[in-house]
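**Student:** Handing you a structure now.
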């Protein structure tokens, strides 16, 4: 539904059947609708502002920052990631981000990522990432799950890569 100015309106509706207490026969239906357009607009604005704040925070960090869906599909990288790797947003779609990592390091980091996705435990690994000049540099990668407070289910993974001077060979599991 739209108002007189062509703006979309949002309504919250609730319906209830009224039945005869004895026979259960349907007597009438009552439907109520409440205009929640302003509340919906405020929530949308807050979400947009939160997304802008999140991106700004990520872009001011010296690390390469990323997020992933609960099933592990990467869905965000900060600007520093794109500048460092030289990859574009379209290059990183799907599993394209993997091209930035040394193939010899992916087997172990994949195993550890699968473990974290399965258990919800933090993800920590070391691997080489190729910069935009084609040089391999060692990074430590970490990710933590954001869990729903009511259900305990993972809603999002927040991760980062931080450059390390030398590969330590430390096992984090």
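The values are calculated or read from the model by the stated rules, or taken from the named source; none is laboratory data. Because the structure is predicted, anything quoted here is derived from the model rather than measured. Neighbour counts are summed over all protein chains in view; Cβ atoms, including those assigned to glycine, are modelled from backbone coordinates with ideal geometry.
**Student:** Quick one: residue 62 ticks every box in (1) more than 30 Å from residue 154 (Cα to Cα); (2) exposed (fewer than 10 other Cβ atoms within 10 Å of the Cβ) bar one, so which box is it?
**Tutor:** (1)
**Student:** Moving on. Testing residue 92 on (1) under 21 Å from residue 117 (Cα atoms); (2) at pLDDT 95 or above; (3) in contact with a strand residue (DSSP E or B) (Cβ under 7 Å, 6 or more places away or on another chain), one condition comes back false. Which one is that?
**Tutor:** Evaluating residue 92 over (1) under 21 Å from residue 117 (Cα atoms); (2) at pLDDT 95 or above; (3) in contact with a strand residue (DSSP E or B) (Cβ under 7 Å, 6 or more places away or on another chain) leaves (2) as the failure.
**Student:** Condition first: part of a helix (DSSP H, G or I), over 21 Å from the mean Cα position of the chain (by Cα) and farther than 30 Å from residue 110 by Cβ. Can you find one or more residues in the stretch 41-52 that meet it?
**Tutor:** Within the stretch 41-52 (the criterion being part of a helix (DSSP H, G or I), over 21 Å from the mean Cα position of the chain (by Cα) and farther than 30 Å from residue 110 by Cβ), the answer is yes, since at least one residue qualifies.
**Student:** I'd like to check something: does the stretch 14-29 contain any residue that is touching a residue at least 24 places away in the same chain (Cβ under 8 Å) and out of contact with any helix residue (DSSP H, G or I) (no Cβ under 6 Å at 6 or more places or on another chain)?
**Tutor:** no
**Student:** Do you know which residues across the stretch 103-123 are over 17 Å from residue 71 (Cα atoms) and surrounded by 14 or more Cβ atoms within 10 Å (Cβ to Cβ)?
**Tutor:** Listed by number, the residues that qualify are 105, 106, 108.
**Student:** Could you tell me how many of the residues in the stretch 77-93 are closer than 19 Å to residue 162 by Cα and surrounded by fewer than 20 Cβ atoms within 10 Å (Cβ to Cβ)?
**Tutor:** Adding up the residues that qualify gives 6.
**Student:** Need the failing condition index for residue 56 against (1) more than 30 Å from residue 76 (Cα to Cα); (2) at pLDDT 85 or above, just the number.
**Tutor:** (1)
**Student:** While we're here: Checking residue 67 against (1) without any contact (Cβ under 8 Å) to a residue 60 or more places away in the chain; (2) surrounded by 13 or more Cβ atoms within 10 Å (Cβ to Cβ), which test does it fail?
**Tutor:** (1)
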